[in-house]
Amino acid sequence: MQGVKILAILVVVYIGVIVAFESTIGYFQPSSQSTLVVTTTDAEGAAHARVIARLLSDGKLYVAANHWPRAWYHQALENPEIIVALPAEAPRAYRAVPVTGAEHERVATDNPTGFGFRLLTGFPPRYFVRLDPSE
């Protein structure tokens, strides 16, 4: 019985670490030269901006839903006409295209995440979106 209690405490602490890490990232939205800002629109028409890591594969621009909170991802699938602001560039219109199959595998291989990051985020499934310029 003592072992079960210890395991339960460890699971609760681990979940707390994940919630704290995800909340901190979501609140501060750290940006750098390797990030971009995606502005999506929800079902009511409200715009939401989110800082996301910029990924490249085969000369194309991608972003990944690497965290459990992923409202931007679902909004991009529902309304794929989005605005993307790259560092030092004016925001531009893009179309968000979900990535599957061999393309998904290639992008994942080209842009791996480390074990430490996966551990801190609670091993969420990883989904990719290709950003095709609308212009």
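Laboratory data are not the source of any read-out in this text; all were calculated from the coordinates shown. Note that the structure is predicted; figures quoted are calculated from it, not measured. As a convention, Cβ positions derive from the backbone with ideal geometry for all residues, glycine included, and neighbour counts pool all protein chains shown.
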Q. For region 72-123, taking Cα atoms only, what is the radius of gyration to one decimal and the Dmax to the nearest whole Å?
A. 14.2, 35
Q.
Can you compute the FRET efficiency between Leu7 and Glu78 using 1/(1 + (r/R0)^6), with r the Cβ-Cβ distance and R0 = 41 Å? Round to the nearest 0.05.
A. 0.55
(Q) Using the Cα centre of the chain as the reference point, and only Cβ charges (+1 on K/R, -1 on D/E), how large is the resulting charge dipole? Debye, rounded to the nearest 20. (A) 440 debye
Q. Per q in 0.21 1/Å, what log10 I(q)/I(0) does a Debye calculation on the alpha-carbon atoms of region 2-133 return?
A. -1.32
(Q) Take Arg92 and Ala71, extend 7 Å from each Cα along the Cα→Cβ direction, and tell me the distance between the two endpoints in nm. (A) 2.8 nm
Q. Taking the Cα centre of each part, how many Å lie between region 117-135 and region 1-62?
A. 10 Å
Q. Expressed as an acute angle from 0 to 90° and rounded to the nearest 10, what is the orientation of the C-alpha long axis of helix 101-110 relative to the principal long axis of the chain?
A. 70 degrees
Q: Using a 10 Å cut-off on Cβ atoms, rank the peptides 110-120, 1-11 from the highest mean neighbour count down.
A: 110-120, 1-11
Q. How many nm is it between the label spots at Glu44 and Ala20, if each spot is 7 Å from the Cα in line with the beta carbon?
A. 3.3 nm
